Amino acid sequence: MYSFDPTEEQQMLIDAVRKYAANDLRPAAREAEEGGELPKKLISKGWELGLLQASIPEAYGGFGERSAVTGVLAVEEMAFGDLAGTLAVMTPSLFATPILLAGTEEQKQEYLPKVIEGDWAPYTAALIEYAFDFDPLALRTIAALAGDEYVLNGEKAFVPFAKEAEALLVYANLDGQTQGFIVPKDAAGLTIGGEREKLMSLNALPMYRVKLENVKVPAANRLGGASGHDFEPILASMRLAAASAAVGVANAAFEYSKNYAKEREAFGVKIAQKQAIAFMLAEMRTEIEASRLLTWEAAWKLDAGKEDAFTEAYLAYMGAADMAMMVTDRAVQILGGHGYIREHPVEMWMRNGRGFAMFTGLVIV
Amino acid sequence: MPIEFEPPKPIVQTQFVLKTVAEEMMRSKSRYFDEHEHEIPWDYIEFMHTAMKAMGAGSLAPKQNGNGHEGEEQKEKRPPIAYQALAAQIEALAWGDVGFYLCTPGGGLGAAAVQAAGTPEQRAKFLARFAGEKPTFAAMCMTEAGAGSDTASIRARAVLDEKTNEWVLNGEKIFVTAGDKSLTPYEKLGKGFIVVWASIDPSAGRAGMRAFVVEAGTPGVRVTKLEHKLGIRVSDTAAISLVDVRVPFDHILGSPTVEKTTTGFKGAMATFDATRPLVAASGLGVARAALEFLKEKLAENGVQIRYGLPRQKLTAIERDVIDMEIMLKSAWLMVIKAVWMADNKHPNALESSMSKVKAGDVGTKITQKVVEILGPLGYSREFLAEKWFRDAKITDIYEGTGQINRLVVARQILGYSGAELR
């Protein structure tokens, strides 16, 4: 059957996240972006919503079951508030969710309770590399087996909270396969770049380059143990998270520009009463809906274990990245000169919007 | 029920059956009827009539009491899926040939209008015929030479003759899909009807607009012209003239009196909330046909689509194909959501129009791109790609152009009336 109604539980979660996005993330977003810092209290409050905790079974200290559908619903709502804040709150998932999906029993026992017990803690992951043709399925960072250890060499980029991280999940190319390796913060040969990444947006999120020079980790630190893991489900979960965040940011820009257009007057009428503006808004709303539904379907397919779930997650992600650029650009256009001024948030969302084409690995559901 | 995207079993089964119908009865004849405009595809019409009767469905239109699970054992109460099933059937038939689909007997938009705006008595009176011995057609007459989407400018008049208690209709209608098959007394067809939009009070503007059922054979109504079109040539598009056409009082759909408000008109316009996603579905069937054909041709020529690569590594053709798949899949989900809302009696004016906006875009973009990528093969009449390009364009025009639907969407999201956003 087809159905588009979230469960009661999902709806409660959506409502809670929406409240946090509106009352906490959104009001703090501009200052965080300009000042380059998100208040720790703000992150903790988001963490207390329990998105990650609710996706982990009791056996590992959580209180629920992972669902990609629930994940995309929640991420969209949170990103509606602020993208940088969302990525910060969800950073520990980058480390924990792949372990939940692909880790050995020992890895789950060892790491999951540690990550989710208590307050938000800086666990992170390193996937992105600094190259124009970065491809998560063809990494330049290399892993090689040497005796009972893996040796990692390469450089990672855009690694959130790397400086303070307790441990990182580093993705590397092992004989042509993308594999995750758990790297403790004090591993020899691991250098966290001194300066933060300077990007077009997400200034509030501390991200770093991470250099790996002959970093040796025990064979047991390979995600999934000796036989490793399939990277596709992890990648699909990352793409779906990015897609839903793109929908959230686009929806923020749409709502804001819509409300502006209903207030702003020109030639004696509200500009929303001009078809030129009204049609832009109609198309924005239509494309947001298109991306949202494709993301939902892909998430449902992933949860249901459908054969084409990975391809569909890819399509949802590619579509949402384009959509977010289109919608956020139009939001700025609708505000005109005011859209270009940093007193309004739409220019920030437009900078966010461009990023989704390369944000694979910054968020996971 | 939680969020779910598993197509209901009855829908999957029908799609499977219709694929064979599409291949055997439609695709093989597509080219012939495209090149012999105004010939009638009797084989298809008779086959579909027999097939629908065998399935217990006199028409594609959802039954008032049916929930779409016909033919399946109903052990427990299931959510209604009649409109979802209909959208899926239409998409599958349009994948075969959208012009043929428009020649499917069973009432089309005319019956849909009666279904949506008629009383139970009117439904019983006008819709029973579709389950009869002969295939039967009905059509919707709204457009006039001077009034397309601007329905308030409709000049056709309906005047009540109080002596006889009959409505007297006068006007000229154009672009009536299946108007010929609904009115002309062909030996092989049952007696059809048309639904005519006319004003009962021109000073009231939109509030005075009503729809009337006019039976075939009523004196004064006749087909004056059959159009020659860019595409969907197998489907007849008629001009119809009404001169002092008298119909009984109870042939009016909706209230016979003009209120200050436009409630009566809006009630009738609700037809479009139901039918827009269905028209969208038909456009997406054409788009899927074109995209599948392209992928087949590319595969034959050793061109692979490498899903999963970042944009920077994709070839131009790969980008195009991937973008088209995104468009097609998401547009289909918008249709499904709109009809799912209709099945569940949620107001769906916004979703319905959005699905039509999207499908109009997607249908034209995909078919245009497919012809482009296929080059000479796309442009040649040896294959059907060029025909689908011509057929698809109508999706963005009929049942409200893309622009009118954008206006509907905009009014919905902005909370504006027609007066506030013209």
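Throughout, read-outs are computed from the coordinates displayed, never taken from laboratory work. The structure displayed is predicted, hence computed values, not measured ones. Cβ coordinates were reconstructed from backbone atoms using ideal geometry, including for glycine residues, and neighbour counts include every protein chain displayed.
List of remarks:
- Rounded to whole Hz, the Karplus (6.51, -1.76, 1.60) HN-Hα couplings of the range B:32-40, x for glycine and proline: 4, 6, 5, 9, 10, 4, 6, 7, 9
- Taking Cα atoms only, the orientation of helix B:316-343 departs from the longest principal axis of chain B by about 40 degrees.
- Counting Cβ atoms of other protein chains within 10 Å of each Cβ in B:332-345 and taking the mean gives 3.
- Each label was represented as a point 7 Å from its Cα along the Cα-to-Cβ direction; for B:Thr257 and B:Ala145 these points are 3.7 nm apart.
- Where labels lie 7 Å past Cα in the beta-carbon direction, separation of B:Lys345 and B:Glu420 in nm: 2.9 nm
- Exceedance of the 29 Å cut-off in Cα-Cα distance is limited, within the set A:Lys301/B:Lys313; A:Lys258/B:Lys358; A:Lys301/B:Lys393; A:Lys19/B:Lys9; B:Lys225/B:Lys329; A:Lys258/B:Lys337, to A:Lys301/B:Lys393; A:Lys19/B:Lys9; B:Lys225/B:Lys329.
- Acute angle (nearest 10 degrees) that the helix B:263-300 long axis makes with the longest principal axis of chain B, alpha-carbon atoms: 20 degrees
- Out-of-range pairs (alpha-carbon distance over 25 Å; input A:Lys306/B:Lys356; B:Lys125/B:Lys181; B:Lys297/B:Lys369): A:Lys306/B:Lys356
- FRET efficiency estimate (nearest 0.05) - Cβ-Cβ, B:Arg222 to A:Lys306, R0 51 angstrom: 0.40
- In this rough spin-label picture, where each label sits 7 Å from Cα along the Cβ direction, the B:Phe249-B:Tyr32 distance is 5.1 nm.
- Trypsin sites (Lys or Arg not before Pro) within the range B:133-220: DSSP coil, no more than 16 neighbouring Cβ in 10 Å: B:Arg155, B:Lys163, B:Lys188, B:Lys191
- Residues of the range A:323-365 with amide N under 12 Å of a point placed 7 Å along Cα→Cβ from A:Lys274: A:334-337
- Packing here is the average count of other Cβ atoms within 10 Å per residue, and on that basis the peptides B:401-410, A:139-148, B:237-246, highest first, run B:401-410, B:237-246, A:139-148.
- The charge dipole of chain A, taken about its Cα centre with unit charges on the Cβ atoms of Lys, Arg (+1), Asp and Glu (-1) only, comes to about 1040 debye.
- Residue by residue along A:294-305, Cβ atoms of other protein chains within 10 Å of the local Cβ number 3 on average.
- Computed extension gain for B:Val12 through B:Phe383, at 0.36 nm per residue and net of the alpha carbon distance, reaches 130.7 nm.
- Global form of the range B:98-237, assessed from the alpha-carbon gyration tensor, a/c cut-off 1.5: oblate
- Each residue of the range A:210-222 is assigned a 3J(HN,Hα), and the resulting list reads 10, 9, 10, 10, 6, 6, 9, 10, x, 4, 5, 8, 6 Hz, derived from the Karplus form 6.51 cos²θ - 1.76 cosθ + 1.60 (θ = phi - 60°), x at Gly and Pro.
- Sorted by Cβ density within 10 Å, fewest first, the residues A:Lys19, A:Lys274: A:Lys19, A:Lys274
- Summed over all non-identical Cα pairs, the Kirkwood treatment of the range A:232-358 gives a radius of 15.0 Å.
- Shape of the range B:225-362, Cα gyration tensor, a/c cut at 1.5: oblate
- Dipole check for the range A:124-227: with +1 at the C-beta of Lys and Arg, -1 at the C-beta of Asp and Glu, and the Cα centre as origin, the magnitude is about 200 Debye.
- Relative pair counts by distance (%), Cα atoms of the range A:124-227, 10 Å bins: 16, 51, 27, 5, 0
- Options A:Leu83, A:Gln53, A:Gln10, ranked by Cα towards positive dipole end of the range A:8-116, top entry (Cβ charges): A:Leu83
- Length gained on full extension, A:Met200 to A:Tyr340, computed as 0.36 nm times the residue gap minus the Cα-Cα distance: 48.9 nm.
- Ranked by how many other Cβ atoms sit within 10 Å of their own Cβ, fewest first, the residues A:Ser244, B:Ser28 fall in the order B:Ser28, A:Ser244.
- Peptide ranges B:289-300, B:211-222 listed from the most packed, as the mean C-beta count within 10 angstrom indicates: B:211-222, B:289-300
- Under 15 Å of direct C-alpha separation, and excluding same-chain neighbours fewer than eight residues apart, A:Lys198 reaches these aspartates and glutamates: A:Glu33, A:Glu34, A:Glu37, A:Glu129.
- Listed by chain and number, the aspartates and glutamates whose alpha-carbon sits under 12 Å from that of A:Lys262, ignoring those within fewer than 8 places in the same chain, are B:Glu420.
- Residues B:His228, B:His251, B:His346 arranged by fewest to most Cβ contacts within 10 Å: B:His228, B:His346, B:His251
- Peptide B:400-411 - average C-beta neighbours from other chains (10 Å radius): 4
- The alpha carbons of the protein assembly as shown stretch over 99, 59, 54 Å along the principal axes, in descending order.
- Cα shape, the range A:1-142, gyration tensor, a/c 1.5 rule: rounded
- Each Cα pair under 8 Å and six or more residues apart adds its sequence gap; the mean of these over the residue count of chain B is a relative contact order of 16 percent.
- Residue with peak Gaussian network fluctuation, chain A [Cα springs, cutoff 10 Å], from A:Met350, A:Met200, A:Met238: A:Met200
- Length available on full extension from A:Gln11 to A:Asp119: 0.36 nm per residue minus the Cα-Cα distance, which gives 36.4 nm.
- Around the Cα centre of the range B:91-214, unit charges on the Cβ atoms of Lys, Arg, Asp and Glu (plus for the first two, minus for the last two) sum to a dipole of about 200 debye.
- Virtual paramagnetic centre 7 Å along Cα→Cβ of A:Lys216, amide N under 17 Å, in the range A:162-198: A:182-191
- Taken as entire DSSP H runs, the helices of chain A that both span 24 Å or more between Cα atoms along their own long axis and average 0.0 or more on the Kyte-Doolittle scale are A:83-102, A:232-263, A:275-304, A:309-335.
- Label zone of B:Asp201 (point 7 Å out along Cα→Cβ, amide N under 15 Å): in the range B:159-176 this covers B:159-160.
- Rounded to 0.05, the FRET efficiency of the B:Glu39 and B:Thr164 pair, given R0 = 51 Å and the Cβ-Cβ distance, is 0.80.
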